[in-house]
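Student: Pasting a structure below so you can have a look.
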Amino acid sequence: MPLTTLNSEQLSAATAPMGNNLIIASAGTGKTSTIVGRIAHLLQNGVEPSKILLLTFTNKAAGEMLERVGRYFPSSVVGQIESGTFHAVSYRWLKAMNHKITLKQPGELKTLFRSIYEKRHFKRLNIDIEPFSSTYLYEMYNLYQNASLEGFDRWFLEKYSDHQPLMDIYMDIIDEYEATKDQFGFVSFNDLLLKMRETLLKSDLAMREVLVDEYQDTNTLQSALIDSIKTDSLFCVGDYDQSIYAFNGANIQNIATFATRYPHAKVFTLSKNYRSTASILSLANRVIERNERIYPKKLEVTQHKTNHPPRLMIYNELFDQYQAIAKNIKASYTPSKEIAVIFRNNASADGVEASLRELGITCKRKGGNSFFEAKEVKFQLDVLSLIVNPKDMMAFIHIFEYGKGIGAALAKEMFECLIHFGEGHLFTGILSPRVYNLPKLHPAKNIQLGLFDDDTHIGSVSRFAHLPLNEKIKSHPILKHPKLTEDGLMYFKAFYEFLQSIRGVKMPQTTLIKLSQSPLYAAVMDMLANQRAKLKNGEIDLDKKTVAKEKIKRKARLLSDLASHYKETERFVNAMVLGGNELSEGEGVNLLTVHASKGLEFIEVYVTDLMDGRFPNTKLMGKSGGSLDEERRLFYVAVTRAKEKLYLSYAKSDRVKKLDFKPSPFLFEAGLLKENVKAES
């Protein structure tokens, strides 16, 4: 049975008398085994399975726990246990109680909120304060629902007192938003919990025990929902030092005040760590002990494998860091799936991924797309591929598909025309055409049908006379193509001018920089940003578009930085497109944000970009829920993912953005920094 596998501390917690029990389960101390043991104990002692409620933060976690319980109990028993996320359980219960609800996704509700917001005329107020955008106000309202039970206006003005003159309008928007949802029966994910809490307060539904996993990540609303459930017993498992979701409304006070909020509460502590070596745990503890100690604890090491002291790696430049990590991984004997690179911000993954690709190392990104799968990166590599091999028709088609009014079929015909104009040479056909008549694009069709194919109609060049074109483009034979539109011609003009700008350029980095600064790339960037900012009603969210453009620019900077190590474009293209194995979602080195790494463990872990301002992230520290304590907990979570080998790294500068960095204060707290340490190559 599950209980026989528990150590004495886990067993004591799992078999605790019914009541209010809090289990402090630090990283690697076996919290899942303890929860499984607790459920087994309840079933063995006659508790009806339908009166057991297991609340988790992912349905997968609930499924895995019950799957382990199912190894010892019949499926007919385990299947009766109520389990799932707060939202999943609330939805299921509300439906069972015949509530008529239509659950709407956040994007749909954001569109509804925006439509109500845009009816207000802020400019008529004649005040100096710039109103928050509809997107930001919507997000703040959702955060409020998770974080507070008081009125929105009071909660909001505590943060933004200067917006007092706008508060009546903000409240009117929210009132209409809620009234519209009620009218149509729409509910958000937050509404599920609010309605469930309201329903439970009026009902006689009761559970024998409620088990809560990752209790440190509960928010004020979730805590209130737990309190509304009539139960004889609470069994909450969590770790104060792993509370890292304040940005999402998590309230660390829930776990901090458990012993004072619940009568006769008992606190159990699991101290035996089954994951990390002594030196890794020692480093983690030196840092996390700087935070307030609500529940004192001292972890006991049970892993006595070869001890590899954590290693600090320092580099002069940001990208040197990413390349060095990739080389280190290349030389490692650890299986790729047992290696993780962990970072505070998703943007850091691009540099690591690009460096791994260069060395032919597979990797996967959890919760994010591959750098090389991004359309903007593919576009730039297609341009370089075409420069290296002007006969690459597919690269040409991919480039010209971004032109408004140019699809794949027309792009193919344009390629054939330009090759014809250049007597077999694409770039000659673009820049200095030698032949001025259009080719027969479908000769077989003409012969078989005996008809004049409209594809070979000579279009009237005069239709473009009003466009701002130089004399060379005005006289270009591509203008005769009957299917070429004004928008298509302006895109061709942008490509023409880009090619002129790189005449004589050999270095791939210079080519990429000129491309990223060109009207051609600006058109592609604008199209992609519009796609990523488009709402379901077809409108463009301008805030999202601004963010999307900045991300696209950032990827362009990274690719050009990567190219700085190459003198020949062909070698760079081969390394990026042909040289490496395909990156895969299902295999290889794990690239993870700290939040995505939580709950996972790896033999070898790299924690990157440990520079002051990036980790800890000072920008996010200034936002709601952010603090140095929170950033320190993030660092604690990151380093405790490592079982045997831990590498921490930082760079002194970013030559692309012309920034200098100072090392993270966490490296000083960990005792890793020494004076006169030279940068590694």
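The values are calculated or read from the model by the stated rules, or taken from the named source; none is laboratory data. All values derive from a computational prediction rather than experimental measurement. As a convention, Cβ positions derive from the backbone with ideal geometry for all residues, glycine included, and neighbour counts pool all protein chains shown. Accessible surface is based on the protein model in full, side chains and every heavy atom, while ligands, DNA and RNA are left aside. Shrake-Rupley method; radii C 1.70, N 1.55, O 1.52, S 1.80 Å.
Student: Do you know which residues across the stretch 408-425 are open to solvent by 50 Å² or more (accessible area, probe 1.4 Å) and assigned to a helix (DSSP H, G or I)? Steps first, please.
Tutor: As a first pass, look at the stretch 408-425 and keep what is open to solvent by 50 Å² or more (accessible area, probe 1.4 Å): 409, 412, 416, 420, 423, 425.
Passing the criteria: 409, 412, 416, 420.
Student: Let me ask something else. Any idea how many residues of the stretch 565-576 are open to solvent by 40 Å² or more (accessible area, probe 1.4 Å) and at pLDDT below 80?
Tutor: Initially, the stretch 565-576 is screened for residues open to solvent by 40 Å² or more (accessible area, probe 1.4 Å), giving 565, 567-568, 570-571, 574.
The next check asks that each one be at pLDDT below 80; those that pass are 565, 571, 574.
Number satisfying all stated conditions: 3.
Student: Something else now. Specify which of the listed residues (291, 285, 254) is open to solvent by less than 90 Å² (accessible area, probe 1.4 Å) and part of a loop (DSSP other than H, G, I, E, B).
Tutor: Selected residue: 291, the only one of 291, 285, 254 that is open to solvent by less than 90 Å² (accessible area, probe 1.4 Å) and part of a loop (DSSP other than H, G, I, E, B).
Student: Collect the residues in the stretch 178-194 that are part of a helix (DSSP H, G or I) and either within 30 Å of the chain's Cα centre (by Cα) or within 17 Å of residue 84 (Cβ to Cβ) (or both), keeping them in residue-number order.
Tutor: From the stretch 178-194, those part of a helix (DSSP H, G or I) are 178-184, 189-194; that's our starting set.
Listed by number, the residues that qualify are 178, 181, 189, 190, 191, 192, 193, 194.
Student: Among the residues of the stretch 275-302, write down those that are polar (S, T, N, Q) and out of contact with any helix residue (DSSP H, G or I) (no Cβ under 8 Å at 6 or more places or on another chain). Please lay out each step first, then the result.
Tutor: Pass one, the stretch 275-302, residues polar (S, T, N, Q): 276-277, 279, 282, 285, 291, 302.
Result: 277, 279, 282, 285, 302.
Student: Out of everything in the stretch 164-190 that is in contact (Cβ under 8 Å) with a residue 60 or more places away in the chain and more than 12 Å from residue 117 (Cα to Cα), what residue ends up being surrounded by the fewest Cβ atoms within 10 Å (Cβ to Cβ)? Give the derivation first.
Tutor: The first filter runs over the stretch 164-190 and keeps only residues in contact (Cβ under 8 Å) with a residue 60 or more places away in the chain, leaving 173, 176-177, 180-181, 184-189.
From the residues that got through so far, the ones that are more than 12 Å from residue 117 (Cα to Cα) too are 180-181, 184-189.
Details: 180: 15, 181: 18, 184: 10, 185: 12, 186: 18, 187: 22, 188: 20, 189: 19.
Across the stretch 164-190, the extreme among qualifying residues is 184.
Student: Filter the stretch 602-648 down to the residues that are open to solvent by 10 Å² or more (accessible area, probe 1.4 Å) and farther than 27 Å from residue 659 by Cα and list them by number.
Tutor: Those that are open to solvent by 10 Å² or more (accessible area, probe 1.4 Å) and farther than 27 Å from residue 659 by Cα: 602, 603, 625, 643, 644, 645.
Student: Working carefully through the options 272, 266, find the one that is farther than 25 Å from residue 616 by Cα, surrounded by fewer than 22 Cβ atoms within 10 Å (Cβ to Cβ) and out of contact with any helix residue (DSSP H, G or I) (no Cβ under 8 Å at 6 or more places or on another chain). Before the answer, list the steps.
Tutor: On the way: 272 fails: out of contact with any helix residue (DSSP H, G or I) (no Cβ under 8 Å at 6 or more places or on another chain).
Within the list 272, 266, the selection yields 266.
Student: Residues 257, 231, 277: which one is without any contact (Cβ under 8 Å) to a residue 40 or more places away in the chain and among the hydroxyl-bearing types (Ser, Thr, Tyr)?
Tutor: 257
Student: Ok, one more. Among the residues of the stretch 49-69, what is the count of those that are outside any helix (DSSP H, G or I) and open to solvent by 10 Å² or more (accessible area, probe 1.4 Å)? Even if it seems obvious, please write down each step before you answer.
Tutor: From the stretch 49-69, those outside any helix (DSSP H, G or I) are 52-58; that's our starting set.
Add one more test, that the residue is open to solvent by 10 Å² or more (accessible area, probe 1.4 Å), and what stays is 57-58.
Residues flagged as outside any helix (DSSP H, G or I) and open to solvent by 10 Å² or more (accessible area, probe 1.4 Å) within the stretch 49-69 amount to 2.
Student: To continue, here is another question. Select from the stretch 599-617 the residues that are in a loop (DSSP other than H, G, I, E, B) and out of contact with any strand residue (DSSP E or B) (no Cβ under 9 Å at 6 or more places or on another chain) and write down the one among them that is farthest from residue 320 (Cα to Cα).
Tutor: It comes out as 599.
Student: Only one of 556, 529 is of a type in the set (Gly, Ala, Ser), open to solvent by less than 70 Å² (accessible area, probe 1.4 Å), in a helix (DSSP H, G or I) and in contact (Cβ under 8 Å) with a residue 40 or more places away in the chain; which?
Tutor: Working: 529 fails: in contact (Cβ under 8 Å) with a residue 40 or more places away in the chain.
Matching residue, one of 556, 529: 556.
Student: Next question, about the same structure. Filter the stretch 195-232 down to the residues that are small (Gly, Ala, Ser) and either within 28 Å of the chain's Cα centre (by Cα) or crowded, with 19+ Cβ neighbours inside 10 Å (or both) and list them by number. Don't jump to the end; show me each part of the working.
Tutor: Narrowing the stretch 195-232 to residues small (Gly, Ala, Ser): 203, 206, 223-224, 228.
Of everything in the stretch 195-232, just one residue is small (Gly, Ala, Ser) and either within 28 Å of the chain's Cα centre (by Cα) or crowded, with 19+ Cβ neighbours inside 10 Å (or both), namely 223.
Student: Checking the condition closer than 28 Å to residue 616 by Cβ, open to solvent by 30 Å² or more (accessible area, probe 1.4 Å) and not in a strand (DSSP E or B), which residue from 298, 337 passes?
Tutor: Of 298, 337, the one residue that is closer than 28 Å to residue 616 by Cβ, open to solvent by 30 Å² or more (accessible area, probe 1.4 Å) and not in a strand (DSSP E or B) is 298.
Student: Within the bounds of the stretch 143-166, is there any residue that is within 24 Å of residue 88 (Cα to Cα), of a type in the set (Ser, Thr, Tyr) and in contact with a Phe, Trp or Tyr (Cβ under 9 Å, 6 or more places away or on another chain)? Talk me through it step by step, then tell me what you get.
Tutor: Within the stretch 143-166, the subset within 24 Å of residue 88 (Cα to Cα) is 143-149.
Pick out the ones that are also of a type in the set (Ser, Thr, Tyr) and you get 144, 148.
From the residues that got through so far, the ones that are in contact with a Phe, Trp or Tyr (Cβ under 9 Å, 6 or more places away or on another chain) too are 144, 148.
Yes - at least one qualifying residue is present in the stretch 143-166.
Student: Restricting to the stretch 382-407, what's the tally of residues that are closer than 21 Å to residue 507 by Cα, surrounded by fewer than 19 Cβ atoms within 10 Å (Cβ to Cβ) and not basic (Lys, Arg)?
Tutor: Residues flagged as closer than 21 Å to residue 507 by Cα, surrounded by fewer than 19 Cβ atoms within 10 Å (Cβ to Cβ) and not basic (Lys, Arg) within the stretch 382-407 amount to 3.
Student: Still on this model: Can you give me the ranges of the helices (runs of 4 or more DSSP H) entirely in the stretch 70-134 with at least 1 residues that are more than 33 Å from the chain's Cα centre (by Cα) and not hydrophobic (A, V, I, L, M, F, W, C)?
Tutor: Of the helices (runs of 4 or more DSSP H) lying wholly inside the stretch 70-134, those with at least 1 residues that are more than 33 Å from the chain's Cα centre (by Cα) and not hydrophobic (A, V, I, L, M, F, W, C) span 75-78.
Student: Here is a list: 314, 325. Which entry is among the β-branched types (Val, Ile, Thr), assigned to a helix (DSSP H, G or I) and either under 25 Å from residue 556 (Cβ atoms) or open to solvent by less than 60 Å² (accessible area, probe 1.4 Å) (or both)?
Tutor: 325
Student: Next question, about the same structure. Check 505, 524 and return the single one that is in a loop (DSSP other than H, G, I, E, B) and surrounded by 14 or more Cβ atoms within 10 Å (Cβ to Cβ).
Tutor: On inspection, the qualifying residue turns out to be 505.
Student: Next question, about the same structure. Looking at the stretch 18-48, which of the residues that are part of a loop (DSSP other than H, G, I, E, B), of a type outside the set (A, V, I, L, M, F, W, C) and in contact (Cβ under 8 Å) with a residue 40 or more places away in the chain is most open to solvent (accessible area, probe 1.4 Å)?
Tutor: Per the stated criteria, the residue is 48.
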